[in-house]
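One structure is given here, and the rest of the page talks about it.
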Amino acid sequence: MDQEIYLIGLNHRTASVEVRERFALTDCTVLEQGVVPTGDDISEVVILSTCNRVEIMAVGNGPVPARVLDCWAAARGQKRGDLEPFVYVHKGIDAVRHLFSVASSLDSMVVGEPQILGQLKDAYRKAVGRNATRVVLNRLLHKAFSVAKRVRTETAVASSAVSISYAAVELAKRIFGEMSQYKAMLIGAGEMAELAATHLLNSGIREIMVANRTFERGLQLARQFKGEAVLFQDLSVRLAEADIIISSTGAHEPIIRARDIKDVLKRRKNRPMFFIDIAVPRDIDPDVNNLDNVYLYDIDDLKEVVEENMAQRREEAAKARAIVEEEAETFARWLKSLDLQPTIVDLLRRSERIAQDELARTLKRIGPVDDVTREALQAMLCAIVKKVNHEPITFLKRRFNEEEAGTRYIDITRRMFNLDCDDVPEDAHSDRKHHA
């Protein structure tokens, strides 16, 4: 295989929330088609964009990272120099290892949080829908999903799982103490809001309101938690009723500004308000924090809460990282096998192993034979192995130098004969039409 796997990205460790929102690629349904188009030097692309990271997985040859960075920066109206200081680049097995860690939530702000795996699956589904993935990324992403499942099954890294939403509610509890006398408003009705609602109820919150641009979705979430749905256009009016506001929409610019909250505070007679903005780009203008009796925290402010919850998971995380390392090495071996010669060797060895096993069974059944007969049987088996494999090997040699087809047929051969001896889900690595 003459192409290489690259992972180019930034995350909560390398970039502040201001930088992450500048370079977010949240609208990948539209953007991914033009952000990093596939072509001669890049054959496969998947883009993952969340509140805490943007990562672009690409398979290609040549100056792939430079081209990805140029395309990424241009898509956000920026220059490569604006982006480069915050970016990390992983190549080959390091890229594989990093992706497996991300999928297993070992690289998350909150180790063990479950959201990242769903976000990665969604990113992959979109890429497949645009025919942006082929043999390597199809296999890599499916393997990442199975590694994440193994980590959750074999370790307790996700026990009592926390999330950004959990951390947000914990922070609110520190400030307000007893929660039963307070009222909360969730702005947005996605997965983060749903998790926040769950944690608020477990903390004894008196009432929950849900404001969402799509009222039906807000109503659905409100009913689920026995709360009240609020029309989005009534947000500024109903804010006065809320003591705790957790916002997690997909808006591209702030939906709450300082001038809006000044009037709200008057109607509340300056009773304190607690805002937690877990959206990227941010939903709440940072100037809100300059108002008296208003406490605003964004996603980066939650790191302290998150760190406390990470301590109890470090031992389990070490076990999980050992699994990631083992699986990354297994994938690296598969990647090397996409060259023609290793597959031919493995195919012949498989046939020879089967032939020798069957010969041993036959000799055990019929009893001792003389050396001449044994040698004749051995020669016959060697001839059968060569003749049975002659046509498949000839076919692979003819197709190997064809663009993409060679790698694809090598992969099909390895899966068809299970040359890698691994357990693969029945639907893994099927044709693209089955990946959506």
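The values are calculated or read from the model by the stated rules, or taken from the named source; none is laboratory data. Since this is a predicted model, take the numbers as computed values, not measurements. With ideal geometry, Cβ positions are generated from the backbone for all residues, glycine too; neighbour counts draw on all protein chains shown. With ligands, DNA and RNA removed, areas are computed over all heavy atoms of the protein, side chains included. Shrake-Rupley method; radii C 1.70, N 1.55, O 1.52, S 1.80 Å.
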How large is the charge dipole for the chain, taken about the Cα centre, if only the Cβ atoms of Lys, Arg (+1) and Asp, Glu (-1) carry charge, to the nearest 20 debye? 640 debye
So the carbon and sulfur contribution to the accessible area of region 319-383, 1.4 Å probe, in percent, is 56 percent
Report the calculated FRET efficiency for residue 226 and residue 263 (r = Cβ-Cβ distance, R0 = 22 Å), to the nearest 0.05. 0.15
When you count, for each residue, the other Cβ atoms within 10 Å and take the mean per peptide, how do 108-118, 330-340, 123-133 rank with the highest first? 108-118, 123-133, 330-340
List the lysines whose alpha-carbon lies under 20 Å from that of residue 387, not counting same-chain residues fewer than 8 positions away? 397
How large is the dipole of region 115-230 about the Cα centre if only Lys and Arg carry +1 and Asp and Glu carry -1, each at its Cβ, rounded to the nearest 20 debye? 660 debye
Which of [x] 23.7, 85; [y] 27.5, 104; [z] 22.7, 71 is the computed Rg and Dmax of the Cα atoms in Å? It is [y]
In order through region 87-93: 3J(HN,Hα) via Karplus (6.51 cos²θ - 1.76 cosθ + 1.60), integer Hz, x for Gly, Pro: 9, 10, 10, 10, 10, x, 5
Accessible area (Å², per residue) of region 135-276, counting only protein heavy atoms and a probe of 1.4 Å: 44 Å²
Using a 7 Å offset from the Cα along the Cα-to-Cβ direction at both residue 237 and residue 201, what is the distance between the two label points in nm, to one decimal? 2.8 nm
Measure off, as a whole percent, the carbon and sulfur share of the 1.4 Å-probe accessible area of region 98-227, all protein chains present. 46 percent
Take the chain, connect every pair of alpha-carbon atoms lying under 10 Å apart with a spring to form a Gaussian network, then pick out the residue of 78, 119, 356 with the largest mean-square fluctuation. 356
Can you list the HN-Hα couplings for region 58-70, worked out from phi with the Karplus curve (6.51, -1.76, 1.60; θ = phi - 60°), rounded to whole Hz and with x for Gly and Pro? 9, 10, x, 9, x, x, 4, x, 4, 5, 4, 5, 4
23 Å Cα-Cα reach of residue 121 towards lysines, excluding residues that sit fewer than 8 places from it in its own chain: 91, 143, 149, 433
Listed by chain and number, the residues whose amide H is under 5 Å from that of residue 275, excluding neighbours fewer than 5 places away on the same chain and using placed H, are 245, 295, 296, 297
Expected-Rg normalisation [2.2 N^0.38 Å, Cα atoms] applied to region 92-196: 1.33
Please check: in the Gaussian network model of the chain (C-alpha springs, under 10 Å), which one of 17, 96, 288 has the largest mean-square fluctuation. 288
